[in-house]
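What follows is calculated from the coordinates using simple rules that are stated; it is not laboratory data. This one's a predicted model, so the numbers in the text were calculated from it and none came from an experiment. Cβ placement follows ideal geometry from the backbone for every residue including glycine, while neighbour counts extend to all protein chains displayed.
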Amino acid sequence: MKVLIAYYSLYGHLQRMAEAVAEGAKEIKDAKVEIKRVPETLPESVLAQMGALEYQKSISHIPVCTVGELASADAIIFGTPTRFGNMCGQMRQFLDATGQLWAKGALVGKVGSVFTGSATQHGGQESTILSFHITLLHQGFVIVGLPYSFQGQMRIDEITGGSPYGASTIAGGRGERMPSENELAGARFQGKHVASIAARLFP
Ligand SMILES: Cc1cc2nc3c(=O)[nH]c(=O)nc-3n(C[C@H](O)[C@H](O)[C@H](O)COP(=O)(O)O)c2cc1C
């Protein structure tokens, strides 16, 4: 049973979340877990203006996901930073290249799940995940979120991401906050939860 984590991260917050999702998915016996980033679409000059060039170069060893690879996974967990309450353009462009897969029904019945991050606490994490789900539904995915059995999302003693729609992290206005232990626990829970459902669907 194969779990693919396909994510985009400009400064590293979603990268850290993706690693935690993978850790959780690997807890399920016989799960083959892969982390891949979706292709960059911004030119280097823009990445430099955004202060992201150095980080982007540091992750150049992480394999880039191709659209064709989606068809060979049983579960796909997508990670995207919030952009104006929506998925990022890199992810949108990647998904917009899946028309051939849609035409063949190649993704129908696979397990799909989404995690995210944003600068601010109420900056659109839920809208990002829920609007992402629309694309997954068009492709025929069986959508899995982050159930309340992940009790960490009940916490009010500290600022935290995480909702029934999926794990998330709050990066801060200058990206100064990396995922907290509670947010990483949510990501691990989501990875394990998705993999456990995929294991039952694709024994
Ligand atoms: C063009 C742009 C739009 C953004 N829109 C939002 C937003 O709507 N709400 C928010 O809280 N953060 C927003 N952010 C902040 C990003 O979500 C944040 O930098 C990201 O989650 C950090 O994760 P990363 O390091 O993995 O890229 C935006 C950032 C950019 C560059």
Going residue by residue through region 13-28, is there one that turns out to be without any contact (Cβ under 8 Å) to a residue 60 or more places away in the chain and more than 22 Å from G145 (Cα to Cα)?
no
Of the residues in region 13-33, those that are crowded, with 17+ Cβ neighbours inside 10 Å and either farther than 24 Å from T160 by Cα or β-branched (V, I, T) (or both) number 4
When you look at I76, is it over 18 Å from Y11 (Cα atoms) and in contact with a Gly (Cβ under 7 Å, 6 or more places away or on another chain), yes or no?
yes
Can you list the helices (runs of 4 or more DSSP H) found entirely within region 78-180 that contain at least 1 residues being closer than 23 Å to G51 by Cα, in contact (Cβ under 8 Å) with a residue 60 or more places away in the chain and under 13 Å from the mean Cα position of the chain (by Cα)?
89-95
Region 159-187: number of residues that are surrounded by fewer than 24 Cβ atoms within 10 Å (Cβ to Cβ) and either touching a Cys at 6+ places or on another chain (Cβ under 8 Å) or within 13 Å of A20 (Cα to Cα) (or both):
6
Give the residues of region 61-77 that are closer than 19 Å to A31 by Cα and either assigned to a strand (DSSP E or B) or within 13 Å of the ligand (Cβ to nearest atom) (or both), sorted by residue number.
A75, I76, I77
Tally up the residues in region 78-124 that are more than 16 Å from the ligand (Cβ to nearest atom) and of a type outside the set (S, T, N, Q), please.
16
Identify, by number, the condition in (1) surrounded by 15 or more Cβ atoms within 10 Å (Cβ to Cβ); (2) within 25 Å of L10 (Cα to Cα); (3) of a type in the set (S, T, N, Q) that Q139 doesn't meet.
(2)
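Somewhere in region 1-10, is a residue buried (at least 20 other Cβ atoms within 10 Å of the Cβ) and among the aromatic types (F, W, Y)?
Looking for residues that are buried (at least 20 other Cβ atoms within 10 Å of the Cβ) and among the aromatic types (F, W, Y), one finds at least one in region 1-10, hence yes.
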